[in-house]
Each structure stands twice: as C-alpha cells, then as structure tokens.
1. Within the stretch 296-335, restricting attention to residues that are polar (S, T, N, Q) and under 17 Å from V192 (Cβ atoms), which residue is nearest to the chain's Cα centre (by Cα)?
2. Which of the residues spanning the stretch 134-156 are out of contact with any Gly (no Cβ under 9 Å at 6 or more places or on another chain), of a type outside the set (G, A, S) and open to solvent by less than 60 Å² (accessible area, probe 1.4 Å)?
3. I'd like the full set of residues that are open to solvent by 60 Å² or more (accessible area, probe 1.4 Å) and touching a Gly at 6+ places or on another chain (Cβ under 8 Å), limited to the stretch 16-30.
4. With the structure loaded, tell me whether V33 is more than 19 Å from C313 (Cα to Cα) and surrounded by 15 or more Cβ atoms within 10 Å (Cβ to Cβ) or whether it fails that test.
5. Of all residues in the stretch 44-69, count the ones that are touching a helix residue (DSSP H, G or I) at 6+ places or on another chain (Cβ under 9 Å), open to solvent by less than 60 Å² (accessible area, probe 1.4 Å) and polar (S, T, N, Q).
6. Taking V85, is it surrounded by 15 or more Cβ atoms within 10 Å (Cβ to Cβ) and more than 24 Å from P305 (Cβ to Cβ)?
7. Just the residues that are outside any helix (DSSP H, G or I), open to solvent by 70 Å² or more (accessible area, probe 1.4 Å) and farther than 20 Å from A303 by Cα, please, taken from the stretch 88-116.
8. Mind checking which residues of the stretch 274-301 are open to solvent by 20 Å² or more (accessible area, probe 1.4 Å), touching a strand residue (DSSP E or B) at 6+ places or on another chain (Cβ under 7 Å) and assigned to a loop (DSSP other than H, G, I, E, B)?
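The values are calculated or read from the model by the stated rules, or taken from the named source; none is laboratory data. Just so it is clear, the structure is predicted and the values come from calculations on it, not from any experiment. Please note: Cβ atoms are built from the backbone with ideal geometry, for glycine as well, and neighbour counts cover all protein chains shown. Protein only, heavy atoms only, side chains kept; ligands, DNA and RNA dropped before computing areas. Shrake-Rupley method; radii C 1.70, N 1.55, O 1.52, S 1.80 Å.
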Amino acid sequence: MEILNQIIDAAKKSPAQIALAEADDPRVLQAAVRAQQAGVAAVTLVGESEKIQATAHSLALNIDELTIEDVHHSEHRAALVDALVQRRKHRGMTVEKAQEQLNDPLVFANMLVHCNKAQGVLSGAVYSTADVVRTALQLIGTAPGHDLVSSFFLMILDKPHHPCQRAVIFSDCALVVDPDEAQLATIATGAVQSAQKLLPEPPKVAMLSFSTAQSAQHPMVTKVIKATERVRAALPDVAVDGDVQFDAAIIPDIAQRKLKDSAVAGQANVFIFPDLNAGNIGYKIAERLGGAVAIGPLLQGLAKPANDLSRGCSAEDVFNVLAITSLQAQQQESP
C-alpha cells in the first residue's frame with residue numbers, strides 16, 4: 001500500500017504530539033508503541049497510569065519513551081480544569097463539574113489539544129462515534145469558516161481486480177445523515193481539502209447520484225445538482241462532476257458514453273455520497289466485498305485534528321490512523 005507508506009514517511013518528518021484517550025486498550029497501546037518507535041508520532045497516553053502500566057506489562061511492551069497523562073494526578077490538571085470552565089461556562093460549567101468531567105480520558109485528551117499540550121487526539125476504539133464527535137465539537141470546536149463537521153474514509157484500492165490502483169476518498173460515510181444541498185457542498189469542499197493533504201494526485205470530485213447528467217428527475221437528484229453548482233463556485237480550479245453515477249465516475253469508457261463533457265472523465269478520486277445511507281453502505285461494500293482497505297472515519301471541519309476509530313479496529317488500523325492524525329497536525333501547523 002504505497003499511499004500508506006508515503007503518509008507514514010511524511011509523518012516522520014515532523015512527528016506531532018498525539019493524545020490517545022484509550023491508552024489501556026491493548027490495540028491502542030500496541031499501536032502507540034509502534035508509532036513512537038517508528039517516529040511517526042510523539043504519543044501521549046491518557047488514562048489511569050496503573051491501568052496503562054498493567055496493560056503494557058501484560059503485553060510485554062516497553063512504554064518508557066511515551067508520555068503518560070494520568071487523569072487524576074497530571075501536573076496539567078488544574079490548568080485544564082480552569083480552561084474547561086472557561087470553554088463551557090456558557091453551558092453552566094463549574095469547577096466541580098469540570099473536576100468530574102476531567103476524570104474521563106476522552107474529555108482530558110481533548111482538553112490537552114484545546115490547551116495546545118497536544119496537537120491532535122485519537123479515540124473510538126472503545127468510545128462510540130457519537131461520544132468522540134460530540135466531545136471534539138464541544139472542546140476543540142470547528143475550524144474558522146466551518147459550521148459542519150463531517151467525515152471521510154481513505155480507501156486503498158490495491159487489489160488486482162480493482163479497475164484503478166490508487167487511494168481515493170469516500171465522504172460522508174459516518175456522520176451527516178441527510179445533508180441538504182449546502183451541507184453536501186460543505187462536505188465536498190472539506191473532502192477536497194482532505195484529498196489535497198493526503199492524496200498524491202490533484203482531487204477530482206464525483207458528486208454521486210443514481211442519475212448521470214440529469215438522466216433522472218427527482219428531488220434527490222436536484223439536491224446533488226445544486227450542491228455541485230455550489231462546489232464549482234467555491235472551487236473553480238477543481239474538476240467536479242455531478243450528478244454522476246459511480247460507474248461513470250470511475251470507469252473512463254463509461255464516462256465517455258454517459259458524460260461526454262466530463263471534467264473528471266471517469267478518473268474521480270473524491271467520491272461524495274448524497275446521504276449517510278449511501279455512504280455507509282457504499283464504503284462497507286467496497287471494503288467487505290471489494291477488498292478495499294478502509295481507513296477511518298477521519299473527521300474534517302474541526303479546528304485541530306481529532307479522529308475516530310471503529311470499535312472493531314485492529315492495532316494496525318490504530319497505527320495507520322495515528323500516522324494520518326500526526327500528518328494532519330503537522331500540515332496544520334506548517335506556515
């Protein structure tokens with residue numbers, strides 16, 4: 001998987017400090033040690049020190065080089081309490097409530113990012129996606145100019161049967177259930193930015209539908225067409241097709257027949273699904289039947305990197321997302 005090797009090599013150039021909120025999970029701890037040793041990230045383990053040490057001992061892992069932030073005894077705890085009160089005082093946050101909430105490693109890890117004591121956060125091996133996203137939204141917040149957080153999967157197409165051998169982006173497959181045309185356009189522009197950071201080729205966008213070039217008339221098609229117009233207006237230098245069916249987006253011969261004036265010409269590498277039903281089903285079919293490697297869900301639209309994991313993830317999955325999170329943080333802080 002050449003694209004993953006490229007991401008890992010890029011992350012090594014300036015490894016970012018990444019906080020892990022599930023540090024006593026064996027998969028997370030194994031990935032953390034590997035990432036630290038490989039120079040992919042500088043890892044901060046967040047949780048209860050005794051539990052983390054016990055997991056490391058059971059796995060015969062040496063974690064001496066990793067930073068441990070004990071949620072109860074960290075030297076940063078007092079500062080994080082003050083910062084959390086300030087961050088959430090409009091929601092009635094008090095010192096007492098902040099003290100209690102910071103016992104939760106997910107809250108603690110996100111506050112480390114908020115207070116610039118870490119550059120990114122990774123969780124979701126144990127926590128639900130809803131908890132991960134809600135905490136990141138509340139404590140890290142959205143990026144300037146963004147009012148929507150969405151997600152994407154980095155899909156690696158590297159099997160002999162794949163019609164194209166490359167990495168592509170699928171969005172949104174995890175968060176926004178039924179985006180309107182403005183939200184769909186925001187998802188697409190966010191995915192383009194993600195592609196520019198992670199893919200080796202310029203983004204070529206397919207705004208997916210069951211229709212190509214208005215071959216069908218339906219409000220669901222109209223939504224995609226109007227969202228496409230918004231994306232083209234916002235990103236005039238990016239190739240965007242929409243409405244377009246998946247086959248015309250990825251097979252040049254089919255694109256030539258169905259969409260002769262296509263800017264993408266069947267070579268899309270950013271696929272925008274019209275709703276969460278299509279996106280979630282689509283990525284899982286590509287992964288489970290098509291043999292694609294699905295990395296994510298990765299979040300876009302936040303002020304600082306905060307990524308999610310599947311609760312069914314492996315240590316390899318955690319390592320890969322750690323590398324991506326480190327690279328995102330590195331790129332965000334580059335002038």
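1. Initial filter on the stretch 296-335 (polar (S, T, N, Q)): 300, 307, 310, 314, 320, 325-326, 328, 330-332, 334.
Checking which are under 17 Å from V192 (Cβ atoms) leaves us with 300, 328, 331-332.
Numbers: Q300: 6, Q328: 10, Q331: 14, Q332: 14 Å.
If we take residues in the stretch 296-335 being polar (S, T, N, Q) and under 17 Å from V192 (Cβ atoms), then Q300 is nearest to the chain's Cα centre (by Cα).
2. Residues satisfying the conditions are T135, L139, I140, I156.
3. Matches in the stretch 16-30: D24 only.
4. Values: more than 19 Å from C313 (Cα to Cα): no; surrounded by 15 or more Cβ atoms within 10 Å (Cβ to Cβ): yes.
So V33 does not fit the description; no.
5. In the first step, residues of the stretch 44-69 are kept if they are touching a helix residue (DSSP H, G or I) at 6+ places or on another chain (Cβ under 9 Å); the result is 44-48, 52, 55-56, 58-59, 61-63, 65-66, 68-69.
From what's left, open to solvent by less than 60 Å² (accessible area, probe 1.4 Å): 44-47, 52, 55-56, 59, 61, 63, 66, 68-69.
If we keep only those that are polar (S, T, N, Q) too, we end up with 44, 55.
Here the count works out to 2.
6. On the way: surrounded by 15 or more Cβ atoms within 10 Å (Cβ to Cβ): yes; more than 24 Å from P305 (Cβ to Cβ): yes.
In short, yes.
7. Taking the stretch 88-116 and keeping what is outside any helix (DSSP H, G or I), we get 92-94, 102-104, 115-116.
Next, only the ones that are open to solvent by 70 Å² or more (accessible area, probe 1.4 Å) stay: 116.
Correct list: empty.
8. Across the stretch 274-301, the qualifying residue is only P274.
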